[in-house]
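To keep things clear, I will list the structure first and then write my remarks on it.
Nothing in this text is a laboratory measurement; each read-out follows from the coordinates by a stated rule. Source: prediction; values computed, not measured. Ideal geometry is used to build each Cβ from the backbone, glycine not excepted, and the neighbour counts take in all protein chains shown.
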Amino acid sequence: MKDNVSIRGSVHTDRIHDSAAKHVTGAADYTDDIPQPEGTLHAYLGVSNVAHATLHGIDLTAVRAAPGVIGVLTADDIPGVNDISPTGLNDEPVFPTETIQFHGQPLFAVIAETRDAARRAAELAEADCTPLPHALDPVAAMEADYPHVTAPLKLERGDVGPAFEDATNRIQGCMTIGGQDHMYLEGHIAFAIPGEDDEIVVHCSTQHPSEAQHMVAHVLGVPSNAVVVNVRRMGGGFGGKESQMNLFCAVAAIAAKKWNRAVKIRPDRDQDMTATGKRHDFVVDYDVAFDDAGRIEAVEGSFAARCGFSADLSGPVTDRALFHADNAYFYPNVRLVSRPMKTNTVSNTAFRGFGGPQGVIVAERMIEEIAYATGQDPLDVRKANFYGGAGRDLTPYHQEVEDNILDRLVTELEQSADYRTRRAAIVDHNLGSRILKKGIALTPVKFGISFTATWYNQAGALVHVYNDGSIHLNHGGTEMGQGLNTKVAQVVAEAFQVDFERIKITRTTTEKVPNTSATAASSGSDLNGMAALDAVEQIKARLVAFAAEKWSVAPEAVAFKANHVHIGAETLTFAQFIKAAYMARVQLSAAGFYKTPKIHWDRGAGKGRPFYYYAYGAACSEVTIDTLTGEYRVDRTDILHDVGRSLNPALDKGQVEGAFIQGMGWLTTEELWWDDKGQLRTHAPSTYKIPLASDRPRIFNVNLADWSENRELTIKRSKAVGEPPFMLGISVFEALSMAVASVADYRICPRLDAPATPERVLMAVERLKKA
Amino acid sequence: MDHRSDIRFILNGRDVSVAEVGAQQTLLDFLRLERRLTGTKEGCAEGDCGACTVLVGRLADSGLVYEPVNACIRFLATVDSCHVVTIEHLAGPDGRLHPVQQAMVDHHGSQCGFCTPGIVMSLYALWMQQPDPTEMQVETALQGNLCRCTGYAPIVRAATAASRHDSPAADHITRERAEIAARLAALRDGRRVVSGPAEDRAILPTDVDDLAEVLLEHPEATIVAGATDVGLWVTKFLRPIGPAVFIGHLTGLRRIECHDDGLILGAAASYSDCQDALADIFPHLAPYWDRIAGWQVRNMGTVGGNIANGSPIGDTPPVLIALGAEITLRRGDARRSIALEDFFIDYGKQDRAAGEFVETIRVPRPAAGQRDAAYKISKRRDEDISSVAAGISVTVSDGTITGARIALGGMAATPKRATAAEAALTGQPWSEGAFEAAASALAGEFTPLTDWRASAEYRMLSAQNLLRRFFLEQDDATSRPVSLATA
């Protein structure tokens, strides 16, 4: 091997995604691309066509008689427990037996020789049911006295009562925030292959293989050790595959065991979008007191969410909305409550930001209210309310903000984006332009990193070094495009001081690392990188001890460097050294483990340190709106984002760019629309519009704050990146709001609801013109 | 008559013959399920996400043309005598990545990778035509491709950098053009194709006269041109379409003729086929045309289909009605011409008899003093279905409006002329007041619906405002841009 000065693919370098060449050639296999064993059957879901009803029975005669049909699965065929609720609340049946809870709810599954046959047959069922009144949104649910799907949370600090009574200024308002479909390009899919005895293997597209494993065991009534779940890669997840695959895995597994044949289930896009959960819509009532300078004195907020028919992850999602209702701002007195409302809609779930964005945007709405009321530039109001300064660093959940870098980050962006000059020019432009109006906004984000379910903050990894010196890496995280495998392999390459290519990254499987957490909450590289490093350090410790003994040198004289191992005066290639270690019977495999330190959370008291650290960022966006039609364009966006010491700046930048666009989509063109019967009518890309290449900002400058370093001992001092930049999209929303405000000379807060579709923009323009 | 019942084409490098192809069989299912060419993905099965993008090469009057299309809604029978190129065929025989692929790797253009094969195919098709594209050209080429991970920035960077890796001359598919053209020509045997089982028959007539004959034999048949709507009947609604008569391959029905008195578009001419000829005579249609669907759909979908389908939200009828277009319908050898607006009788009802088909669309040249505009309002600018579409053609002579044709889509059960608004304008001086009156008149003659695309209020208000925009855009006194298209 060549004596390289340094290795390829070390940490802090722009290593390409390990599957990039396979992506571009079509050689990367997704679950639907796995060759099928002979006799593979296909399942398809039959769904309800009412939003709420008492279910008396389902006539499946025509379904069973349809061509190609092997059989039908109903609740009666579930050998274990008819429940797939991820939090164990027992409120989410695989198939309901008494009550239909939403339009499009799966009622049964058809198993047929082909997917086409199963799909056609699924249409032929007749459900015998008596319709019940339905409530589709949180307001209707509250009016109808619907229950919470899970216990609400209250965060309180200071004393809001007197603060509001003595308030210099006070504004109360309401904001409606739409949900969002994940629109991962690869939809849900599960492919189950039965084994002997109680065993089963499920290939699927999930962010949470361990949960899929537990759910399959639960519905089959077998122990977890009988079930293997494998995930090579997902075609996008974004939170939509954290718990929502349970249904598909359960159906495929039950059918596979029942007929003892491999069974694949893949809903079409419409069924994927109607039968699986989305980002929660919120209706938020806020009340804010502030002084004449625009400094917040008190905040009260009630966050009602459309949770759907079951809890799913709505508890932690609505919790996180409260955790982020401060965004970057200090609230001297605060009381926040969540209202996780049951509704007759699909059960909403995790989505990048996990409730955080809905909290952050309410903070930004209150900033706007204050800015328009006091006649200030919203950026000045933002800065006046940042955490920092004596006694101004405690969050509503009593965690101290110790690592705030927003003053520097925002100031740098303000200058690099030339914010002040451009804002003045825009105000000037708007005076002279009758139809087209511009807006600009610079918005910050502070995002807490860690699962708020503290026990989730653990990870495992398995590293083998084979006696030819090649390395096999496995960890509990899943690859959904974020480059997790690449980053973790970089950590391993760096630690062993070998080229990246020496490391084989294998599929995630419950057989190799047990009891893993979901790859979610931006935690993938923080947790799994550390676990992999732990495994490598264990192996290295054995290797160093071996070398020190064999070559009779001090352990300090053994150094791994650039594909070589230096032992005193001796130098061996890594492969030679490993061979020697193998011959000397050194164990070359280790299981690594990591748990995040310092965190704790008492939900009942609303106090603790739920987050290990915060990630920060800021974006400045400029838009133009057409006041005749409400159409708009993003003219320019500048971003400065904090990822600590990046493990891979190229991949991290990709996360920032992608998250921004996805956040922008959430707040602009992505609209979920239910008709009055409770049917979701935006259930495919023809009706649900995510951003296109041409929706990118015309000028798009994205930079990482390369001076930042995580104050905590995270993997190589990096920070999590998956979710925080999603909220940078709020800058577009706020810029649209300013453009709207221009038609009333910036006197009135436009109170734009989200998503700000062209229609909402035009209607807000009309409202302000008349005000 | 001498028929054949197999579908013959070139798949990547090899000649393929598939016996008895049913009308409903899609190219995507054939590729994935029968050939295990799994690089081509299904993302939506409705031609909106582009994950299934493949190239189809066909022999047009102008020679061998390669176009990106959506394999999910492309019926297998319609690739007869075509060259289908999938992602697996792009890298060189030595396995070396194609320049577009290499650029995507170098620029971190993939994350989850599921949309990537489709994006690479669209960029490859662009690169064939324009190896050194502008960002705008890249965006237009990618209108039919969704990516949920990257935010597109690295993909656009890759597309604009691909030419630095190599030139089209180095591309094996480009080098083999002459050979492929010869092989495709050999596949055309001049026989009618009748394929598939009786209940799902696919028929490919030999020429336009044969089409007329086939439709007399099967007046109940589904006529399928680009399949960009009929494709969804199959993939989304599981609706049978047999017998289906496919017409996209009829070069005689794809012709575009430029005459002194106007333009004649063959009913099977795709949006892409028509684009340049239309924009030449009607410059206002150039930006509008780019907003019809995405590139793949524009390569498949046809103006004739957009009309014959009778949708109230088709993009082309309003603008063509405003321009005074006529269509010619043919049944057997009998032809009749009618004004386009008269074709639309009611929702789901058109003036077309069984066995009859739209043969041509004639768009007259603009009169002196005619001012034209075409507007589309949609939630997302590109690749979206319109909430409101408007064609406005106003003739002004010596400061007086002497004629007005205004047609709206999305405002009624059919594409419809705004006759009251037209009357409010006609005879009036060219003035803001006249257009205000026209806008008011709209409220009296349309009662649009609320749905997921737009509310009734928004549809009405934005339609009225489009009349106001038209005045401001066309008025000499306007000094600042009044729409994003011109800003």
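For the protein assembly as shown, what log10 I(q)/I(0) values come out of the Debye formula at q = 0.04, 0.05, 0.07 1/Å, with one point per alpha carbon and no solvent? Rounded to two decimals, the profile gives -0.23, -0.36, -0.72.
Averaging over all projection directions, the Cα-based convex hull of the range A:36-116 occupies 6.6 nm² in the image plane. The region of chain B that goes longest without hitting one of the chymotrypsin sites (Phe, Trp or Tyr not before Pro) in a DSSP loop, each with at most 16 other Cβ atoms within 10 Å, is B:1-236.
Above 22 Å, the calculated P(r) of the range A:112-206 contains 71 percent of its Cα-Cα pairs. Going from the residue with the fewest nearby Cβ atoms within 10 Å to the one with the most, A:TYR466, A:TYR612, A:TYR146 rank A:TYR466, A:TYR146, A:TYR612. In straight-distance terms, cross-link reach from A:LYS437 covers every one of the lysines whose alpha-carbon lies under 22 Å from its own, apart from those fewer than eight places away in the same chain; here that gives A:LYS769, A:LYS770, B:LYS376, B:LYS379. Measuring nothing but how far apart in sequence close Cα pairs (under 8 Å, 6+ apart) lie, relative to its length, the range A:203-290 scores a relative contact order of 29 percent. Modelled this way, with points 7 Å down the Cα-to-C-beta line, the labels at B:SER337 and A:LYS504 are 7.2 nm from one another. The residues packed around A:SER338, meaning those with a beta-carbon under 10 Å from its beta-carbon, carry a net charge of +2 if Lys and Arg are +1 and Asp and Glu are -1.
Under 15 Å of direct C-alpha separation, and excluding same-chain neighbours fewer than eight residues apart, B:LYS236 reaches these aspartates and glutamates: A:ASP116, A:GLU123, A:ASP268, A:ASP270, A:ASP272, B:ASP29, B:GLU42, B:GLU46, B:ASP48.
Scalar couplings 3J(HN,Hα) for the range B:85-96, obtained by applying the Karplus form with A = 6.51, B = -1.76, C = 1.60 to θ = phi - 60°, are 10, 10, 4, 5, 9, 7, 4, x, x, 7, x, 5 Hz; x denotes Gly and Pro. The residues A:LEU409, A:LEU628, A:LEU124, when put in order of fewest to most other Cβ atoms within 10 Å, stand as A:LEU124, A:LEU409, A:LEU628.
Give the separation of the Cα centroids, the range A:627-687 to the range A:265-297, in Å. Each part reduced to its Cα centre gives a spacing of 14 Å.
The helix-only estimate of mean residue ellipticity at 222 nm for chain A, built from DSSP H runs of length n ≥ 4 each weighted as -39500 (n - 2.57), is -9000 deg cm²/dmol after division by the residue total.
The range A:73-97 and the range B:442-487 have Cα centres spaced 52 Å apart.
Convex hull over the Cα atoms of chain B, averaged projected area in nm²?
23.0 nm²
Mean separation of Cα pairs under 8 Å and 6 or more residues apart, divided by the residue count, gives the range A:40-97 a relative contact order of 21 percent.
Straight-line reach from A:LYS550: taking Cα to Cα under 20 Å and skipping same-chain neighbours fewer than 8 places apart, the aspartates and glutamates in range are A:ASP468, A:GLU537, A:GLU570.
Note on the range A:152-291: antiparallel DSSP beta bridges, both residues inside, total approximately 80 percent of the bridges counted. Kindly identify the range A:353-426 as rounded, prolate or oblate by the Cα gyration tensor criterion: order the square roots of the eigenvalues as a ≥ b ≥ c, call it rounded if a/c is under 1.5, otherwise compare a/b with b/c, prolate if a/b is larger, else oblate. Prolate. Per residue, the convex hull spanned by the Cα atoms of the range B:229-385 amounts to 129 cubic angstrom.
What the phi angles of the range A:612-622 give under the Karplus curve with 6.51, -1.76 and 1.60, with θ = phi - 60°, is a coupling list of 5, 7, 10, 10, 10, x, 8, 9, 10, 10, 10 Hz, glycine and proline written as x. Counting charges near A:GLY469 (Lys, Arg +1; Asp, Glu -1) among other residues having Cβ under 13 Å from its Cβ returns a value of 0. Label-to-label distance for A:THR168 and B:ASP346 is 6.7 nm, based on points extended 7 Å past Cα in the beta-carbon direction. Extension gain for A:TYR582 to A:HIS472 (0.36 nm times residue separation, less C-alpha to C-alpha distance): 38.0 nm. Applying Stokes-Einstein at 20 °C and 1.002 mPa s to the Kirkwood radius of the range A:266-407, computed over alpha-carbon pairs, gives a translational diffusion coefficient of 133 µm² s⁻¹.
Let me check I have the definition right: for the range A:12-66, take the eigenvalues of the Cα gyration tensor, multiply each by 5, take square roots. What are those semi-axes in whole Å, largest first?
For the range A:12-66, the ellipsoid semi-axes come out as 43, 20, 8 Å.
Among residues other than A:THR506 with Cβ under 12 Å from its Cβ, the summed charge is +2 (Lys and Arg +1, Asp and Glu -1). Beta bridges assigned by DSSP with both partners in the range B:114-272 are antiparallel in approximately 60 percent of cases. Legend: residue pairs A:LYS487/A:LYS653; A:LYS257/A:LYS512; A:LYS258/A:LYS512; A:LYS438/A:LYS653; A:LYS598/A:LYS653, Cα-Cα distance threshold 19 Å; pairs beyond threshold, A:LYS257/A:LYS512; A:LYS258/A:LYS512; A:LYS438/A:LYS653; A:LYS598/A:LYS653. DSSP assigns beta bridges within the range A:383-540; of those with both partners inside it, close to 65 percent run antiparallel.
When the Cα centres of the range B:198-231 and the range A:378-419 are compared, how far apart do they sit, in Å? If we compute the Cα centre of each part, the gap is 67 Å. Across peptide B:114-125, the average count of Cβ atoms from other chains found within 10 Å of a residue's Cβ is 4.
Relative contact order, whole percent, for the range A:294-389 stands at 38, derived from Cα pairs under 8 Å and 6 or more residues apart. Remark: the range A:83-237 carries a charge dipole of roughly 560 debye about the Cα centre, counting +1 on each Lys and Arg Cβ and -1 on each Asp and Glu Cβ.
Can you sort A:PHE191, A:PHE700 so the residue with the fewest Cβ neighbours within 10 Å comes first? Ranked by crowding around the Cβ, least crowded first: A:PHE700, A:PHE191. If R0 is 51 Å, the Cβ-Cβ spacing of B:ALA456 and A:ASP292 corresponds to a FRET efficiency of close to 0.70.
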